[in-house]
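Enquirer: Handing you a structure now.
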Amino acid sequence: MANLRLTLAVGDYDHTRDLALGRVRPHGIDLTVLNFNVEEIFFRFYDRLEWDVSEMSMGMYTSALSRGDDRMIAIPVFPSRVFRHSAIYVRSDGAIRKPEDLAGKRVGVPQWSQTATIYVRGYLSATVGIPLSGIAWVQAGVNDPGREEHAELRLPPGLSLRAVPDRSLSEMLLAGEIDAMISARVPRPAAEGDPRIRRLFPEFRKAEQDYFRDTRIFPIMHTVVMRRDVYAANRWIARNLMVAFEEARDRSVARMLDLTASHVPVPWGMEFAREAGSALVFKDKDYWPYGVTANRTTLEAFLQYAFEQGTCHRRLQVEEIFAEEALAQIRV
């Protein structure tokens, strides 16, 4: 019997690279892997379902599912996870010195439904204690004017969100028209060394480690989704893909921790990896956990934030966003 032929689009991550190179093969599947930047992957799959399996923004996926758009179904594989204290930018000469200072200020976001901004707003409301209605929100492109909000939002009463189509957030921050901005990408002026923009948390690593210690939230940016029609025709692919992603990740972590040779072009790369593992203490020293059990706290927090912020139209439950075949924990 011939293997099922599937195409996967995913970013070029070390923890998925063994799938792309064919070193790890999902049982019963001949997998063609496409590597693009994530913006292209999200756009092409969300709009046109151009391939069978895809990396996908958690914000985009859960928003669509909450509105009854069931073209996709996920497996609990998380290619990108990033703490986002580093994503808050302010003017160097401004009055904002701590997160509490954002109350009553004007804060820019590239898209309300962007996963990174959902987590930051969740942090501001749940941890810092600032009601989201207590901030004047502005939506625009980070570096270029004209970025639009594609999600169908259901904003809570009293929340102010103003779209500015002819200015960028970077321009507005430098001009003093907004007081801060949230951006997953470093704003172009900051990346080019403009001293007028700085991170709210210059020592963001410590702030993020403290946040994880206090909340156990390790933010999930992206998941992996399948076309629902492909999944419905061959439901076994959910588990087989999950196992293959886990094997590729495990091989990547083993490389990172191998002192025999330099597997990343960074001095003391192995030691950085070991320190990160010490900071993020998961069961059995799982550096990059997949599945629901190890990630329930993060998933529950995200789904609550997304509902409270109006990117999700209803409060989704963790189990309903993943294929049931990928949720099983098989023990021998």
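Only the coordinates and a few stated rules stand behind these numbers; no lab work does. Remember, predicted model here, so these are calculated numbers, not experimental data. Here Cβ is always computed from backbone atoms with ideal geometry, including for glycine, and neighbour counts include all displayed protein chains.
Enquirer: Highest GNM mean-square fluctuation, the chain, Cα pairs closer than 10 Å: which of ASP12, ASP250, ASP166?
Expert: ASP166
Enquirer: Picking from TRP268, TRP236, TRP112, which is most flexible by a Gaussian network model of the chain using Cα springs under 10 Å?
Expert: In this elastic network of the chain, the residue with the biggest mean-square fluctuation among TRP268, TRP236, TRP112 is TRP268.
Enquirer: Could you rank the peptides 157-164, 67-74, 171-178 by their average count of other C-beta atoms within 10 Å per residue, with the highest value first?
Expert: Ranking the peptides 157-164, 67-74, 171-178 by packing returns 171-178, 67-74, 157-164.
Enquirer: Could you check what % of the DSSP bridge pairs in the chain are antiparallel, to the nearest 5? Mind showing how you got there, number by number?
Expert: On the way: 16 of 35 bridges.
The antiparallel fraction comes to roughly 45 percent.
Enquirer: Considering amide H positions built from the backbone, and no H for Pro or chain starts, which residues 5 or more places from GLY141, or on another chain, come under 5 Å of its amide H?
Expert: Hits under the 5 Å cutoff: GLY146, ARG147, LEU169.
Enquirer: Further question on the same structure: Between VAL292 and ARG196, 0.36 nm times their residue separation minus their Cα-Cα distance comes to what?
Expert: Length difference between fully extended and current span is 30.4 nm.
Enquirer: Which whole-Hz ³J(HN,Hα) couplings does segment 245-260 yield from phi under the Karplus relation 6.51 cos²θ - 1.76 cosθ + 1.60, θ = phi - 60°, glycine and proline marked x?
Expert: After applying 6.51 cos²θ - 1.76 cosθ + 1.60, I find 4, 5, 5, 4, 4, 4, 5, 5, 4, 4, 5, 4, 8, 8, 8, 4 Hz.
Enquirer: Relative to the longest principal axis of the chain, what angle (0 to 90°, nearest 10) does the C-alpha long axis of helix 269-279 take?
Expert: 80 degrees
Enquirer: Also: In debye, nearest 20, what is the charge dipole magnitude of segment 18-170 about its Cα centre with +1 on Lys and Arg Cβ and -1 on Asp and Glu Cβ, if you could check?
Expert: Charge dipole, segment 18-170, about its Cα centre: 620 debye, nearest 20.
Enquirer: Right, something else. Need the full-extension length gain, LEU21 to ARG251, defined as separation in residues times 0.36 nm minus the C-alpha distance. One decimal, nm.
Expert: Extra length available between LEU21 and ARG251 comes to 81.5 nm.
Enquirer: Then there is this: 5 Å is the cut-off here: which amide hydrogens, built 1.01 Å from N in the peptide plane, fall below it relative to VAL33, excluding neighbours closer than 5 in sequence?
Expert: The list, which skips near neighbours in sequence, is LEU8.
Enquirer: Could you pull out the GluC sites (Glu not before Pro) across segment 43-152 that fall in loop regions by DSSP (anything but H, G, I, E, B) with no more than 12 other Cβ atoms inside 10 Å?
Expert: Passing both the DSSP loop test and the Cβ count: GLU148.
Enquirer: Moving on. If we sort 82-94, 16-28 on the protection proxy, mean other Cβ atoms within 10 Å, highest first, what's the order?
Expert: 82-94, 16-28
Enquirer: Of all beta bridges DSSP finds with both residues in segment 90-245, what is the antiparallel percent, to the nearest 5?
Expert: Working: 3 of 13 bridges.
Antiparallel bridges: around 25 percent, rounded to the nearest 5.
Enquirer: Sticking with this one: Place a label point 7 angstrom from the Cα of ASP214 along the Cα-to-Cβ direction, then list the residues of segment 252-296 whose backbone nitrogen is under 19 Å away.
Expert: 279-281
Enquirer: If packing is taken as the mean number of other Cβ atoms within 10 Å per residue, what is the order of 140-146, 271-277, highest first?
Expert: For the peptides 140-146, 271-277, the packing ranking is 140-146, 271-277.
Enquirer: Going by amide H atoms built from the backbone, whose H comes under 5 Å of the H on GLU50, apart from near neighbours?
Expert: Those lying under 5 Å, H to H, from GLU50 are PHE45.
Enquirer: Calculate how large, on average over all directions, the projected area of the Cα convex hull of the chain is; give the answer in nm² to one decimal.
Expert: 17.8 nm²
Enquirer: Can you work out ³J(HN,Hα) from phi for every residue in segment 42-56, in order, using Karplus 6.51 cos²θ - 1.76 cosθ + 1.60 and θ = phi - 60°, giving whole Hz and x for Gly and Pro?
Expert: 4, 4, 6, 7, 4, 7, 10, 6, 6, 9, 8, 10, 8, 5, 8
Enquirer: Read phi for every residue in segment 154-171 and hand back ³J(HN,Hα) as whole Hz from Karplus 6.51 cos²θ - 1.76 cosθ + 1.60, θ = phi - 60°, with x for Gly and Pro.
Expert: Computed from phi, the couplings for segment 154-171 are 10, 5, x, x, x, 8, 9, 9, 10, 7, 10, x, 10, 9, 9, 4, 4, 4 Hz.
Enquirer: Two-decimal Rg/Rh of segment 85-215 from alpha-carbon positions, Kirkwood Rh?
Expert: That ratio equals 0.94.
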